[in-house]
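Asks: Below you'll find the structure I mean.
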Amino acid sequence: MIAFGDAFRLTLLTDDIGLAQHADRAGVERIGVDLERIGKADRQAGLDTRLSRHTVEDLARIAGATRHARAFARVNPIHPDSAAEVEAVLAAGAGVVMLPFFRTVAEVERFVHMVDGRAQVMLLVETGAALVRLRDILAVPGIGEVMVGLNDLRLQLGVASHFEVLASPVLDGVAAEVRRAGLPFSVGGIARIDDASLPIPPDLVLAQYPRLHATGAWISRSFLGAMPVACDLSADIAAARRRLTEWSLAAPESLEEARRDLAARSRAIARA
């Protein structure tokens with residue numbers, strides 16, 4: 001049986017070919033680009049987020065430079081040129097295509113039809129409307145994986161911290177619905193386990209993945225920014241996988257204690 005951490009799927013967004021190749025050697029399962037532009041700057045104004053400048057050409061270069069990871073592309077929400085955008089990323093080698101910021105079953109059906117089985121369809125749940133309609137959305141044939149986007153979802157829910165969402169019953173319900181549909185479930189991003197500069201200890205976040213039966217996450221910007229040198233990536237990813245496995249073997253009471261601690265720290269940060 002494969003250990004929890006070893007089976008955990010990591011996704012890296014980058015246009016840096018050298019970093020992509022190193023991540024590929026380190027065992028990152030999906031590497032690619034973030035093409036989402038439409039509406040993102042307005043809805044995330046004032047947040048510590050970045051509007052990507054990645055291109056389809058970057059995706060093609062990454063797909064050609066990596067040997068093991070599947071090439072990944074997050075495209076724009078459904079818009080008049082979605083079909084052409086999907087065709088472009090498929091032609092560039094995308095093996096996984098993510099639809100962000102959708103609200104309806106019809107949008108998901110349209111997207112699945114565009115991809116037409118030529119790549120894995122990954123949904124990024126980050127709107128209140130998608131939460132309300134989640135069971136019907138997950139019944140659409142052709143979905144390969146579901147991820148929760150914590151930054152936009154916390155704005156939709158009106159809370160100050162995406163960590164509070166991660167520790168909330170809302171995520172418990174989403175995870176249960178995705179399991180009910182028999183689909184893999186990813187959420188949020190992981191940081192280096194020894195990064196003491198973050199307001200929330202990374203270990204508390206890692207504990208939430210086995211608690212939620214989650215199977216994947218982003219590699220966060222802080223993970224990369226905290227690395228002294230690029231050669232640490234393999235060791236740091238291996239350390240995160242080991243810790244995920246350790247948490248997966250912990251008693252339910254320990255996982256619940258970590259959830260309560262995460263929720264309390266998140267509320268304290270919000271008050272401050």
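Read-outs: derived from the displayed coordinates by stated rules, not from any lab. Treat the numbers as computed from the prediction; the structure is a model and nothing was measured. Note that each Cβ is placed from the backbone with ideal geometry, even for glycine, and that neighbours are counted across all protein chains shown.
Asks: Would you mind telling me which residue in Ala119, Ala214, Ala235 has the biggest mean-square fluctuation in a Gaussian network model of the chain, where springs connect alpha carbons within a distance under 10 angstrom?
Replies: Of Ala119, Ala214, Ala235, the Gaussian network model singles out Ala235 as fluctuating most.
Asks: Which shape class, rounded, prolate or oblate, goes with segment 1-129 when its Cα gyration tensor gives a ≥ b ≥ c as root eigenvalues, a/c under 1.5 marks rounded, and past that a/b bigger than b/c marks prolate?
Replies: Rounded, because the longest to shortest axis ratio a/c is under 1.5.
Asks: Shifting gears a bit: For Gln120, what residues show an amide H to amide H distance below 5 Å, using hydrogens built from the backbone and excluding near sequence neighbours?
Replies: For Gln120, whose amide H was placed from the backbone, the distant partners under 5 Å are Val96, Val97.
Asks: With no solvent and one equal point scatterer per Cα, compute the Debye intensity ratio I(q)/I(0) for the chain at 0.12, 0.15, 0.16 Å⁻¹ and report its log10, rounded to two decimals.
Replies: -0.72, -1.18, -1.36
Asks: While we're on this one: Where the centre of each part is set by its Cα atoms, how far does segment 81-114 sit from segment 163-212, in angstrom?
Replies: If we compute the Cα centre of each part, the gap is 25 Å.
Asks: Test of understanding: what is the full-extension gain from His113 to Asp6, defined as 0.36 nm times their sequence separation minus their Cα-Cα distance?
Replies: 35.3 nm
Asks: Could you work out how much longer the chain between Glu57 and Gln21 gets when fully extended? Use 0.36 nm per residue separation minus the Cα distance between them, nm to one decimal. Don't skip to the end; give the middle numbers.
Replies: Numbers: separation 36, 0.36 × 36 = 12.96 nm, distance 1.62 nm.
Full extension of this stretch gives 11.3 nm more.
Asks: Provide the gained length on full extension for the span Ala106 to Ala84, in nm with one decimal, where the gain is 0.36 nm per separating residue minus the Cα-Cα distance.
Replies: Stretched fully, the Ala106-Ala84 segment lengthens by 6.1 nm.
Asks: Is there a quick way to get the dipole size of segment 1-160? I mean about its Cα centre, with the Cβ of Lys and Arg at +1 and of Asp and Glu at -1; what is the value in debye to the nearest 20?
Replies: It works out to roughly 220 debye.
Asks: Related question: How would you rank 77-88, 148-159, highest first, on the average number of other Cβ atoms within 10 Å across their residues? The partial results should precede the final answer.
Replies: Values: 77-88: 15.2, 148-159: 19.0.
Listed from highest to lowest mean packing, they are 148-159, 77-88.
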